[in-house]
Amino acid sequence: MSDWIDAVDENALANGENVVIDVDGTDVAIFKIDGQFYAIEDVCTHDGAEIASGRLEGDQIICPRHGARFCVKTGAVKSPPAYEDIDCFPVRIENGKVQVRDNRWD
Ligand code: FES
C-alpha cells in the first residue's frame, strides 16, 4: 500500500486550477472544483497527452490534442476519440495539505 503524499497547500489552488505532482513515479493531476479536490492520472487514454493542460468545462477536462472529454471527479471517459477511463486516485486534506495516494496496487 502506498503512502499519502503531500500534493499542495489546501489554499494554493483556485477553483478550476490544477497542479501535477509525481506520485510514486506516476504524474497525477489534482483539480479543485467547487472547493473540492479530485485527482486523476495526467494522461489521456487515447494517445497519452498530458490531460491537465486541457481546458476545463464544469467537471470535464477536454484533451488538448484531439478533444476527448473526461470527468475529473471520476476519470470516466465522456466522449471519443478516447474510450477508456483515466485512473483516479483518493484525495484527503490533512493539516492544511491536499494529499493523494496511488491505491491501484493495494
Ligand atoms: S491524445 Fe487525448 S484525445 Fe487524443
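No value in this document is a laboratory result; all are computed from the given coordinates. These figures come from a predicted structure and were not determined experimentally. With ideal geometry, Cβ positions are generated from the backbone for all residues, glycine too; neighbour counts draw on all protein chains shown.
Structure above, values below:
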| item | result |
| --- | --- |
| Net charge dipole size for the chain [Lys, Arg +1 and Asp, Glu -1 on Cβ; Debye, nearest 20] | 400 debye |
| Separation of the D85 and D9 label points, Cα + 7 Å toward Cβ, nm | 3.4 nm |
| Rounded to whole Hz, the Karplus (6.51, -1.76, 1.60) HN-Hα couplings of the stretch 51-65, x for glycine and proline | 5, 5, 7, x, 8, 9, 10, x, 9, 10, 9, 9, 4, x, 8 |
| Reference-scaled alpha-carbon Rg (2.2 N^0.38 Å with N residues) for the stretch 5-100 | 1.00 |
| Proximal charge balance of F70 [Cβ under 9 Å; K/R count +1, D/E count -1] | +1 |
| Cut-off 15 Å (backbone N to label point 7 Å along Cα→Cβ of D27), residues of the stretch 78-100 | 87 |
| Relative contact order (%) - criterion: Cα under 8 Å, at least six apart; region: the stretch 26-103 | 24 percent |
| Cα lying deepest toward the dipole's positive end in the chain, options N95, Q36, N11, charges on Cβ | Q36 |
